[in-house]
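Throughout, read-outs are computed from the coordinates displayed, never taken from laboratory work. No experiment lies behind these values; they were computed from the predicted model shown. No Cβ is skipped: glycine too gets one built from the backbone with ideal geometry, and neighbour counts run over all protein chains shown.
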Amino acid sequence: MAHPKRKHSKSRRDKKRANSKLSDPVMSVCPSCHQTKLPHYVCPHCGMYKTTKYVEKKEKVKKN
């Protein structure tokens, strides 16, 4: 296997790592409720994926 002839400096090492940061997730708009959601996922607000309802929305019940 190949080995480096000389040690890479810390600044050279850090230049490589400068561009490997995480980016913001891409968001799309739900066609039924127009809320933002992750693409190719069921909408967490209305439970629809494309034009089919997959998840029923649960109502929160207050306890008195």
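So the values come out like this:
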| item | result |
| --- | --- |
| Virtual spin-label span in nm between LYS58 and SER9, 7 Å along Cα→Cβ | 5.8 |
| Dipole magnitude of the chain about its Cα centre (Cβ charges: Lys, Arg +1; Asp, Glu -1), debye to nearest 20 | 760 |
| Relative contact order of the chain, defined on C-alpha pairs under 8 angstrom at six or more residues apart (%) | 16 |
| Low-density loop positions, trypsin sites (Lys or Arg not before Pro), the chain - DSSP coil, at most 16 other Cβ in 10 Å | LYS5, ARG6, LYS7, LYS21, LYS50, LYS57, LYS58, LYS60, LYS62, LYS63 |
| Taking N as its residue count, the alpha carbon Rg of the chain over 2.2 N^0.38 Å | 2.20 |
| Extended-chain gain in nm, criterion 0.36 nm per residue less alpha-carbon gap, ARG17 and HIS45 | 6.4 nm |
